[in-house]
Structure formats: structure tokens, C-alpha cells
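Scroll down for the structure; my scribbles are underneath it.
Read the figures in this text as sums done on the coordinates, not as results from a lab. Here the structure is a predicted model, which means the values were calculated and not measured. Note that each Cβ is placed from the backbone with ideal geometry, even for glycine, and that neighbours are counted across all protein chains shown.
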Amino acid sequence: MSAAFCLLLSSGTLAVLAPPLLARLTRRGVAPRLGVALWLVAIGSVTGSVATAAGLLAVELARDWSGPPTTLMGSCLAGLRAAATGVHGSMVRSIVFSAAGGLMLAVGVVLLRLGRTWARARDATRAHARMVRLAGAARPSLGAVVLDVPERAVYCVPGRPSTVVFTTGALAVLDPGQVGAVLAHERAHLTGRHHLVIALTRGLCLCLPRVELFSCGAEEVARLLEMSADDAAARTHGSGTVLKALVELSSPSVPSGVPAGALAAHGVGVLARAERLAVPATARARRRATLQLATTMTAVALAPLVLGVLAVCGPLWG
């Protein structure tokens, strides 16, 4: 069996079966960073397998174009070659060229949309960061910019430089310990470059919204990154302080001016985050979750490679 066919089969199977399994494994967020890694490995495995399969098909096409077919895929390509050269009539030839052109156009549109999505998010984030620095008041002692608006909101805007934004409404309800916890949360986002991961997953979701792995993955990755930032803040300020700050910030809505590229301390998965902060996982639960996630991630990463090797070695063994 063709290695390209095996890769396409494995990527299709993974794209269909992985989302419910991965969502179940990462739902509680016991090991959020490992959960993010698992989703990214699954997304990378599918996209990488499809790209590799396309490359292998191109190689087989070049090898078998002028000679006798050597594989099942080569036989299929030989049939396409015959159709493309008009052996089966002009209508069939037109259909083949139209299909090939449509496929190339679809790939180009997806890549173009992905690039435009990332560019728009980057430009919107940079524009908002400039606006915040102009409209807000920098507080070096706080390490943030303060906007004079009544809504309770705290968020970070990546850029050069990156900016953490507090509203006066948020500062009015947070005590000093909670302010420190929220700052630690936002700095964890910036230090971990979470905005890049969010941009990748959201971009793929917007370009291919019907692929559940991408749509579900974008939501789950965003939620797990918030949990990871919560853990970073809890290590220095305590889970109780982070929980109280989250509750204080979650009642009102985030101001409408927050761009898509900003990461707010209270915008995603608030209930699930509050539950895990109120009842932290035990050491045993963390070890079990780590083992499950690591095992699944290894299987997801190696499955396409193993199938490709078997496809290549199968004819040799026969």
C-alpha cells in the first residue's frame, strides 16, 4: 500500500476520532500545559501527514509519469495521465484539468485566508496596544497601563513592547494580593507566548471551520492556556487569591475594545477554572493525568510514522 495513502488515511482517522478523545482527556485541566501540547501534536500530525502525503504523491507522479507504474498509486496516476493526455476523450480531459485546478485553487485559498487571518489579528493587536498606551496612564509601580473605564477588565496585549492593561473598575474591586495574582497570570501569558499558539489554532479554525479537530482544538487550547496561567499565578499567590480575583472580574463583560489577540484574565472557561482552583487536583491525579496525556501524545505523534514505515517496508517483506 502507498505510504501517501497510509498518511492520508491516518490523518483522516485522527481528525475524526481525536477531538472527543482529547477533549475527554483534557477536560479537567489537571496538567494544562501537557494538554496544550497534546492538542498541538494532534493538529501538527494531521497537517504534517497531509503535507507529506502531497509531497509523496508529487514524487510518485514525477517518477511514474513517463514510465510504467510501479505501485498502486502509480497505476492510478497512470490512469490520470492517460485521461490528461486525451486518451479517454476531450470531456474527460477537461474534467481532470478542472479538478486539478480546483484542488490547487482550494489549497491556495486556504493558505491565503490563513495568512490574512494572522495578519489582521497582528495588526489589530498592535493598533490596540498603541491606543491603550496613548489613552491610558502608565503606572511603573504596577507594571501596567490603566484605562479610566468602569468595566472590570484585565488583559495583556502582546507587541513591542507587550502591555498589561487594567481598568479603573478592576482596580477598584481587587485588593493588592489579587492585583499581584492577576499580574502574574497576564505575565505568564506573555512569557509563554500564548498569543502565538492562540493565533495558530484560531487561524486554522477560521480557515477550515468544519474540521472538528481545528474548531474544537482552538477552544480547548484557549481554555487550557488560561488554566496554565492560573497555575503560574497560584504558585506565587495561592489558589484562593487567584480564585477570588477571577470571581471579582467575571461578573461584568469585557470592554468591547479588547482585540482578538488580547488575552483576558477572565474571558475563557471561567466556571471550569474556578472549579479547579477551588478543588485542586491531588498529586495522584496529576501523575495519572500526566501518564495518560504523555502516552496518548506519543501514540498520536508516532502513528503516521509507523504506518508510513510499514507501507514502505511491506513490499520488501512480501
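The figures follow:
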read-out: Other-chain or far-sequence residues with amide H under 5 Å of L263's (modelled H); value: C156
read-out: Amide hydrogen neighbours beyond the local backbone of T163, cut-off 5 Å, H modeled; value: V157
read-out: Antiparallel %, DSSP beta bridges [both residues in segment 137-281], to 5; value: 75
read-out: Intensity falloff of segment 137-281 expressed as log10 I(q)/I(0), Debye formula with alpha-carbon point scatterers, at q = 0.10, 0.13, 0.21 Å⁻¹; value: -0.32, -0.55, -1.34
read-out: Under 5 Å, built H, 5+ apart or other chain: amide partners of V149; value: T168, G169
read-out: Residue-by-residue Karplus 3J(HN,Hα) for segment 290-306, coefficients 6.51, -1.76, 1.60, Hz, glycine and proline x; value: 4, 5, 4, 5, 5, 5, 5, 5, 4, 5, 5, 6, 8, 4, x, 5, 5
read-out: Burial ranking of peptide ranges 165-171, 176-182, 142-148 (average Cβ count within 10 Å, highest at the top); value: 165-171, 176-182, 142-148
